[in-house]
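Step one of this worksheet: look at the structure below.
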Amino acid sequence: MTKPLDDITVIEIDNWMAAPSAAAILADFGARVIKIEPLSGDPMRNMSRRPKVDDPIADHDFQFDVDNRGKESILLDLTNPRAIEIVRKLCQSADVFLCNLLKVRQEKFGLDPDSLRSANPKLVHATLTGYGTEGPEAWRPGYDVTAFFGRSGLLDAVREGDEGVPARPATAQGDHTTGLALLGGILAALRMVDRTGDFQVIETSLLETAVWTQATDYAATLVDRAPFRKRHRYNVLTATANRYPCQDGKWMVLNMPEPKWWGPFCEALGKPDWQDDERFATPRDRYQNMDIIVRLVDDVMLEKSLEEWGRIFDAHGVIWAPVQGIHEVTSDPQAEALELFPPLRADQGDYRTVRAPINFHTADTLPERCSPKLGEQTIQILTELGFSEQEIEQLKADQITTY
């Protein structure tokens, strides 16, 4: 079956998770992705949390696979000018050059847009950084914990109340969100090349993407410049959009706007008389007495399990979801129906991974193979570029490559 990008070649110089995740989806979509790694390899290799199972598959590098599946690996020491010439030669026949190098490093290595334009005037040059390529801190390295969550205001916005401790960020959430932004830019840039034939430069950063994910809150803050109010669950705007504990220790999250849902919510809870309580007569009354309402709802919710409340709320049209653990989502029937965790083959056996959140009805874009071993395709790629066996051996002897 034809894949959407099976005529596209991507040259990738990056590490960790953000930029590699975009390239992994390009590979899922059929692109040939050549990952150029330093002789020591991407530092993300072998940093995985190993599954707690007594099985040879537990030694597989699962987390590296997520962001590097379907790629090819070539090892090059970019500090050597001869290695840069190999990169330029690869770019001559490529469609996309993707990197997470800071601007100063791109210029140092001769891999900045102006330098690569001469190698291929129809190339898409795509960069992902922590803080962008301009400004007083463009030099600063950034991870999703720092640039995406911390600097953007996100960790502050999700505090439980003004004095709450900032939450621990979820692993690579900012990386993968920013990877999607980079993916979108690359696809649009490829379309521009198709239309104009001109070299395209696109950039995104962890900070920019994080701000965009909070654009709704930023919209008001840009006008009043007031600190964002962090609301404790006993001081939310509406009781119908809150989190509540159930009898079995599980939690449920609701999200329904006022004033439409107050009545149905009371009916579902078996408390229709709350609608006649003068303390809760209007949305303003309910807001002013939110502490009382939430504690009353807590008491009622603790009378039944999450499963029982789920059936009741479904019958009343209440919009709810369970607060699930990651381990629970892996066996969620809805996730299974969406094939969120397709099988992937590794040397030690098949296992499940996570697919990209995009579906094609006319193409199979599920991941097909795991990540490459360190430098696995080095000889193959150099041979394709016209290097002889003797020349490849000399590159190895000069420590420009290894395999």
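Give segment 220-246 a look and list any residue that's part of a helix (DSSP H, G or I), within 30 Å of the chain's Cα centre (by Cα) and of a type in the set (D, E, K, R), or say none.
233
Among the numbered conditions (1) free of Cβ contacts under 8 Å to residues at least 12 places away in the same chain; (2) over 14 Å from residue 205 (Cβ atoms), tell me where residue 183 comes up short.
(1)
Please return the ranges of strands (runs of 3 or more DSSP E) entirely within segment 294-377 where 1 or more residues are farther than 30 Å from residue 247 by Cα and either assigned by TED's automatic domain parsing to the domain that holds residue 24 or touching a residue at least 40 places away in the same chain (Cβ under 8 Å) (or both).
Of the strands (runs of 3 or more DSSP E) lying wholly inside segment 294-377, those with at least 1 residues that are farther than 30 Å from residue 247 by Cα and either assigned by TED's automatic domain parsing to the domain that holds residue 24 or touching a residue at least 40 places away in the same chain (Cβ under 8 Å) (or both) span 343-346, 349-352.
If the requirement is being among the aliphatic types (A, V, I, L, M), surrounded by fewer than 19 Cβ atoms within 10 Å (Cβ to Cβ) and under 22 Å from residue 78 (Cβ atoms), which of these qualifies: 158, 104? It would help to see each step written out before you state the result.
Numbers: 158 fails: under 22 Å from residue 78 (Cβ atoms).
Step by step, each of 158, 104 is checked, and only 104 is among the aliphatic types (A, V, I, L, M), surrounded by fewer than 19 Cβ atoms within 10 Å (Cβ to Cβ) and under 22 Å from residue 78 (Cβ atoms).
Working only within segment 301-316, note down all residues that are buried (at least 16 other Cβ atoms within 10 Å of the Cβ) and touching a strand residue (DSSP E or B) at 6+ places or on another chain (Cβ under 9 Å).
Within segment 301-316, 301, 306, 309, 310, 313 qualify.
Which residues, taken from segment 213-266, are of a type in the set (Val, Ile, Thr) and touching an Asp or Glu at 6+ places or on another chain (Cβ under 6 Å)? Reasoning before the result, please.
First, pick out the residues of segment 213-266 that are of a type in the set (Val, Ile, Thr): 213, 216, 221, 223, 236, 238, 240, 253.
Answer for segment 213-266, where residues must be of a type in the set (Val, Ile, Thr) and touching an Asp or Glu at 6+ places or on another chain (Cβ under 6 Å): just 238.
Could you list all residues from segment 1-21 that are buried (at least 23 other Cβ atoms within 10 Å of the Cβ) and either of a type outside the set (A, V, I, L, M) or within 19 Å of residue 145 (Cβ to Cβ) (or both)?
Answer for segment 1-21, where residues must be buried (at least 23 other Cβ atoms within 10 Å of the Cβ) and either of a type outside the set (A, V, I, L, M) or within 19 Å of residue 145 (Cβ to Cβ) (or both): 12, 14, 17, 18, 19, 20, 21.
Tell me which residues, restricted to segment 378-399, are without any contact (Cβ under 8 Å) to a residue 60 or more places away in the chain and outside any loop (DSSP other than H, G, I, E, B).
379, 383, 384, 389, 390, 391, 392, 393, 394, 396, 397
How many of the residues in segment 247-278 are in contact (Cβ under 8 Å) with a residue 40 or more places away in the chain and part of a helix (DSSP H, G or I)?
4
Which residue is surrounded by the fewest Cβ atoms within 10 Å (Cβ to Cβ), if the candidates are limited to segment 168-211 and must be part of a helix (DSSP H, G or I) and of a type in the set (Val, Ile, Thr)?
Checked segment 168-211; the qualifying residue surrounded by the fewest Cβ atoms within 10 Å (Cβ to Cβ) is 196.
Being more than 37 Å from the chain's Cα centre (by Cα) and among the acidic types (Asp, Glu) is the filter here, so list the residues in segment 252-291 that pass it.
Scanning segment 252-291 gives 267, 273, 276, 277, 278, 285.
Report, ordered by the first and then the second residue, all pairs with beta carbons closer than 7 Å, sequence separation of six or more or different chains, a first member in segment 77-94 that is under 14 Å from residue 117 (Cα atoms), and a second member that is among the polar types (S, T, N, Q) and modelled with pLDDT of 95 or more.
From residues that are under 14 Å from residue 117 (Cα atoms), the pairs are 91/120; 92/120; 93/9; 94/9; 94/120.
For segment 349-375: of the residues being in contact with a helix residue (DSSP H, G or I) (Cβ under 6 Å, 6 or more places away or on another chain) and among the small types (Gly, Ala, Ser), which is nearest to residue 46 (Cα to Cα)?
371
Please enumerate the residues belonging to segment 154-167 that are out of contact with any Asp or Glu (no Cβ under 7 Å at 6 or more places or on another chain) and either charged (D, E, K, R) or outside any loop (DSSP other than H, G, I, E, B) (or both).
Hits for segment 154-167 are 154, 155, 156, 159, 160, 162, 163.
Surrounded by 17 or more Cβ atoms within 10 Å (Cβ to Cβ), in contact with a Gly (Cβ under 8 Å, 6 or more places away or on another chain) and assigned by TED's automatic domain parsing to the domain that holds residue 287: does that describe residue 256?
Working: surrounded by 17 or more Cβ atoms within 10 Å (Cβ to Cβ): yes; in contact with a Gly (Cβ under 8 Å, 6 or more places away or on another chain): no; assigned by TED's automatic domain parsing to the domain that holds residue 287: yes.
When the stated conditions are applied, residue 256 does not pass them.
Consider segment 128-159. How many of its residues are farther than 10 Å from residue 206 by Cα and in contact with a Pro (Cβ under 9 Å, 6 or more places away or on another chain)?
To start, the set of residues in segment 128-159 that are farther than 10 Å from residue 206 by Cα comprises 133-141, 150, 153-159.
Filter once more, so that each one left must be in contact with a Pro (Cβ under 9 Å, 6 or more places away or on another chain): 150, 154-156, 158-159.
Residues in segment 128-159 being farther than 10 Å from residue 206 by Cα and in contact with a Pro (Cβ under 9 Å, 6 or more places away or on another chain): 6 in total.
How do the helices (runs of 4 or more DSSP H) wholly within segment 34-148 filter down when requiring 2 or more residues that are among the β-branched types (Val, Ile, Thr): which remain?
Here the list reads 81-92.
The values are calculated or read from the model by the stated rules, or taken from the named source; none is laboratory data. Remember, predicted model here, so these are calculated numbers, not experimental data. A quick note on method: Cβ atoms are made from the backbone with ideal geometry, for glycine too, and the neighbour counts reach across all protein chains shown.
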